[in-house]
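Scroll down for the structure; my scribbles are underneath it.
The values are calculated or read from the model by the stated rules, or taken from the named source; none is laboratory data. Being a predicted model, the structure only gives us computed values, none of them experimental. Cβ placement follows ideal geometry from the backbone for every residue including glycine, while neighbour counts extend to all protein chains displayed.
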Amino acid sequence: TQLLEQSPQFLSIQEGENLTVYCNSSSVFSSLQWYRQEPGEGPVLLVTVVTGGEVKKLKRLTFQFGDARKDSSLHITAAQPGDTGLYLCAGVLNTNAGKSTFGDGTTLTVKP
Amino acid sequence: DSGVTQTPKHLITATGQRVTLRCSPRSGDLSVYWYQQSLDQGLQFLIQYYNGEERAKGNILERFSAQQFPDLHSELNLSSLELGDSALYFCASSVSGLDTGELFFGEGSRLTVL
């Protein structure tokens, strides 16, 4: 059983469209991260959220942490081809030694 | 550039062989993590070292071992390789002494076992 469930698994949209991807769990996390990974490269950290209900914005990307700290969403406004990649959420549980558990990711393709 | 260096970038070997993957963390980072990424299992945590000591263990096979040296670089040793060990192996490091979950990944080592 995957601790972090990401949806959708695949998403293909046209340039300029908006989209939201989700990261859900039944567990409570002390912090949650979003990463973006391009083919042949390592994941790159985009944001960390730590407070329930927290909203962070990074240019056209908006990240939200659920009130109960069990889920998160990533919203992209006016997607561009450069946003194409694998979006991974990762969480640190309260009780472990800080190791991050990753979801399987959402593969986003933005067509020009 | 994350500042984390992994070598080799690509490695092709045969079943039954042994390989060593090397990682240099970002300057000042004391924690090193190893992850395995395969198509069917995503990013799986293998092991974490902090300042030379093993700190956390994940789904690491007994055929695999790791260590962190006094200069903080780390090596992941994979032995008696099987076809299913073919994957991307990532090293990540984190800000010294903090378990924030904020990881900085290297570019990975792609292992192909034939």
Residue count for the stretch A:57-112, restricted to those that are hydroxyl-bearing (S, T, Y) and buried (at least 20 other Cβ atoms within 10 Å of the Cβ): 5
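From the list B:R55, B:R22, exactly one residue is basic (K, R) and either more than 10 Å from chain A (Cβ to nearest Cβ) or farther than 21 Å from B:T100 by Cα (or both). Which is it?
The conditions single out B:R22.
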Check on A:E41, surrounded by 13 or more Cβ atoms within 10 Å (Cβ to Cβ), at the interface with another protein chain (Cβ under 8 Å from one of its Cβ atoms) and either at positive phi or more than 16 Å from the chain's Cα centre (by Cα) (or both): yes
Checking A:E54 against (1) acidic (D, E); (2) over 30 Å from B:K9 (Cα atoms); (3) surrounded by 15 or more Cβ atoms within 10 Å (Cβ to Cβ); (4) touching a residue at least 24 places away in the same chain (Cβ under 8 Å), the condition it does not meet: (4)
Among the candidates B:L30, B:L11, B:L114, B:L81, residue that is exposed (fewer than 15 other Cβ atoms within 10 Å of the Cβ) and among the aliphatic types (A, V, I, L, M): B:L114
Restricting the stretch B:56-78 to residues that are at negative phi and in contact (Cβ under 8 Å) with a residue 40 or more places away in the chain, the residue that is surrounded by the fewest Cβ atoms within 10 Å (Cβ to Cβ): B:N77
Wholly enclosed strands (runs of 3 or more DSSP E) of the stretch B:1-90 bearing at least 2 residues modelled with pLDDT of 95 or more: B:5-7, B:10-13, B:19-24, B:31-38, B:64-68, B:74-78
Candidate set: the stretch B:26-40, residues that are in contact (Cβ under 8 Å) with a residue 40 or more places away in the chain and within 10 Å of chain A (Cβ to nearest Cβ); chosen: the one nearest to A:G105 (Cα to Cα): B:Q37
